[in-house]
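K.L.:
A single structure is presented below for examination.
Readers should treat all values here as calculations from the given coordinates under stated rules, not as data from a laboratory. Model, not experiment: these values are computed from the prediction. Positions of Cβ are backbone-derived with ideal geometry, glycine not excepted, and every protein chain shown enters the neighbour counts.
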Amino acid sequence: MEPVKILVVEDEHKLATAIQQGLAANQHTVSVAHSGEDGFFLAQTQTFDLLVFDVMLPGRDGLEIVASLRRLGHRTPILLLTSKDGVDDRVAGLDSGADDYLVKPFALSELQARVRALGRRNTPDFGATLKLDDLELDRVRHTVTRAGKSLDLTVREFELLEYFMRQPDQVISREMLAREVWKESARHTPIDNLIDVHIARLRRKMDDPYQRKLLQTIRGVGFVLRLSE
């Protein structure tokens, strides 16, 4: 498995340090936060391959944070850590949007195995061609067609559309676009207006000439690529 970038949110400082050191020994890059608010902020403003949240955190607890991230459209794998091992507790964790659940105390080797499994899950094998309805994007030839007609997209518009097509039916926020498409991990200068300009240009080319609209705005949240109802 290739090294991954991991965020660990754990209020027990000794445990957080042990996790950080254990994962770093496998060449992973590990950031640590000790409160729910700090963890949520980092998850929103930086790009990670895996998120590890303790359930019981000061401020916002892990379940609340996971649910919030999923509502915002984040698809990064999430592993929950908790001392509660009841079935209802596990169900609550998975229902909140977590991908896996590890009960304390745990062996470092088991944590590393869970990280490897979730890391593999986060590397989908996208084919050369992405399709949605009559929209088709060829990642090798760098071409886009709709209803068989070629669309003349700029490089940025192509990158933007590819990001949407990798996540159909998922709400994508401007923060996610800034981070994943524009690579602006620390948004010192907001680029929302720039994002909106590119979204509008992409819409004019891929949606305006056609009856079925694919790129939709979710007011106050972001955008989603899907078949209109």
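K.L.:
Using only the Cα atoms of the chain, what do you get for the radius of gyration and for Dmax, in Å?
P.N.:
Radius of gyration, then largest Cα-Cα span, for the chain: 19.5, 59 Å.
K.L.:
Could you please report the charge total around Ile65, scoring K, R as +1 and D, E as -1 over all other residues with beta-carbon less than 13 angstrom from its beta-carbon?
P.N.:
Numbers: positive: Arg60, Arg70, Arg71; negative: Glu10, Asp11, Glu37, Asp38, Asp54, Asp61, Glu64.
Combined, the nearby Lys, Arg, Asp and Glu give -4.
K.L.:
Calculate, for Leu227 and Lys14, the FRET efficiency according to 1/(1 + (r/R0)^6) with r their C-beta to C-beta distance and R0 41 Å; round to the nearest 0.05.
P.N.:
Working: r = 51 Å, r/R0 = 1.23.
With a Förster radius of 41 Å, E is 0.20.
K.L.:
Taking the alpha-carbon distance from Lys131 and a cut-off under 17 Å, which lysines remain once sequence neighbours fewer than 8 residues away in the same chain are dropped?
P.N.:
Cα-Cα hits under 17 Å: Lys149, Lys205, Lys213.
K.L.:
Let me ask something else. Determine, from the Cβ-Cβ distance of Asp133 and Arg75 and an R0 of 30 Å, the FRET efficiency 1/(1 + (r/R0)^6), rounded to the nearest 0.05.
P.N.:
Working: r = 21 Å, r/R0 = 0.71.
Calculated value: 0.90.
K.L.:
For an R0 of 35 angstrom, estimate the FRET efficiency from the Cβ-Cβ distance between His142 and Glu64 and round to the nearest 0.05.
P.N.:
On the way: r = 41 Å, r/R0 = 1.18.
The computed FRET efficiency comes out at 0.25.
K.L.:
For Met56 paired with Arg116, estimate the spin-label separation in nm (one decimal), with each label point 7 Å from Cα along the Cα-to-Cβ line.
P.N.:
Here the modelled spin labels are 3.1 nm apart.
K.L.:
Give, in nm to one decimal, the length gained when the segment between Arg203 and Arg219 is fully stretched (0.36 nm per residue of separation minus the Cα-Cα distance).
P.N.:
On the way: separation 16, 0.36 × 16 = 5.76 nm, distance 1.61 nm.
Stretched fully, the Arg203-Arg219 segment lengthens by 4.1 nm.
K.L.:
Local charge sum around His74 (other residues, Cβ-Cβ under 11 Å, Lys/Arg +1, Asp/Glu -1)? Write out the running numbers ahead of the final one.
P.N.:
Numbers: positive: Arg70, Arg71, Arg75, Arg179; negative: Glu175, Glu180.
Once all neighbours under 11 Å are counted, the net charge is +2.
K.L.:
Once you have the Cα-Cα distance between Ala25 and Val91, take 0.36 nm times their residue separation minus that, and quote the gain in nm to one decimal. Walk me through the numbers before you get to the answer.
P.N.:
On the way: separation 66, 0.36 × 66 = 23.76 nm, distance 3.16 nm.
Full-extension gain reported as 20.6 nm.
K.L.:
Give the angle, between 0 and 90 degrees and rounded to the nearest 10, that separates the Cα long axis of helix 192-206 from the longest principal axis of the Cα atoms of the chain.
P.N.:
Computed tilt is about 50 degrees.
K.L.:
List the lysines whose Cα lies under 24 Å from the Cα of Lys5, skipping any in the same chain that are fewer than 8 positions away.
P.N.:
Partners within reach: Lys14, Lys104, Lys183.
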